[in-house]
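The values are calculated or read from the model by the stated rules, or taken from the named source; none is laboratory data. Note that this is a predicted model, so its numbers are computed, not measured. Positions of Cβ are backbone-derived with ideal geometry, glycine not excepted, and every protein chain shown enters the neighbour counts. Surface areas here come from the heavy atoms of the whole protein model, side chains and all, with no ligands, DNA or RNA. Shrake-Rupley method; radii C 1.70, N 1.55, O 1.52, S 1.80 Å.
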Amino acid sequence: MRIIDLFSGAGGLTFGFYYNLIDGQFVRTENEFIFANEYDSHAAEAFRTNYPDINMINRKIQDLTEEEIVEMIGDEEVDLVI
């Protein structure tokens with residue numbers, strides 16, 4: 001599943017899409033996070049620490065241009081926006 005994570009905070013909701021609990025262990029899912037967005041710099045830094053492999057855009061959502069978003073998404077469809 002291809003996911004965009006808006007208003008990400010430190011990534012609490014992201015955790016549920018990032019991991020599954022299997023036999024008492026958290027196991028990474030096959031979900032692909034295209035990018036995450038968070039305006040608050042402290043929350044964005046915490047998110048980067050928690051999910052270093054997800055592209056975190058730390059600025060106002062209104063400042064993201066359509067061209068930037070299309071470039072990050074590419075040609076494949078997005079399955080979910082959280």
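Taking the chain as a Gaussian network of alpha-carbon nodes connected by springs under 10 Å, the highest mean-square fluctuation of the residues ASP63, ASP23, ASP40 belongs to ASP23. For segment 73-81, 3J(HN,Hα) computed residue by residue from phi via the Karplus equation (6.51, -1.76, 1.60; θ = phi - 60°) reads 6, x, 8, 7, 6, 8, 8, 7, 10 Hz, glycine and proline entered as x. The trypsin sites (Lys or Arg not before Pro) of the chain that DSSP puts in a loop, and whose beta carbon has at most 13 other beta carbons within 10 Å, are ARG59, LYS60.
For the chain, the spread of Cα coordinates along the three principal axes comes to 43, 31, 17 Å, biggest extent given first.
Taking only C-alpha pairs under 8 Å that are 6+ residues apart, what is the relative contact order of the chain in percent?
Values: 127 pairs, mean separation 32.0, N = 82.
It rounds to 39 percent for the chain.
Between the helical axis of 41-50 and the longest alpha-carbon principal axis of the chain there is an angle of about 40 degrees.
Can you give the % of DSSP beta bridges in the chain that are antiparallel, to the nearest 5?
35
Probing with 1.4 Å while keeping every protein chain in the model, the per residue accessible area of the chain equals 66 Å². Across segment 52-63, coupling constants 3J(HN,Hα) worked out from phi with the 6.51/-1.76/1.60 Karplus curve, θ = phi - 60°, read x, 8, 9, 5, 9, 9, 9, 6, 4, 4, 5, 8 Hz, and Gly and Pro carry x.
Of the GluC sites (Glu not before Pro) found in the chain, the ones in coil according to DSSP and having at most 12 other Cβ atoms within 10 Å of their Cβ are GLU30, GLU76, GLU77.
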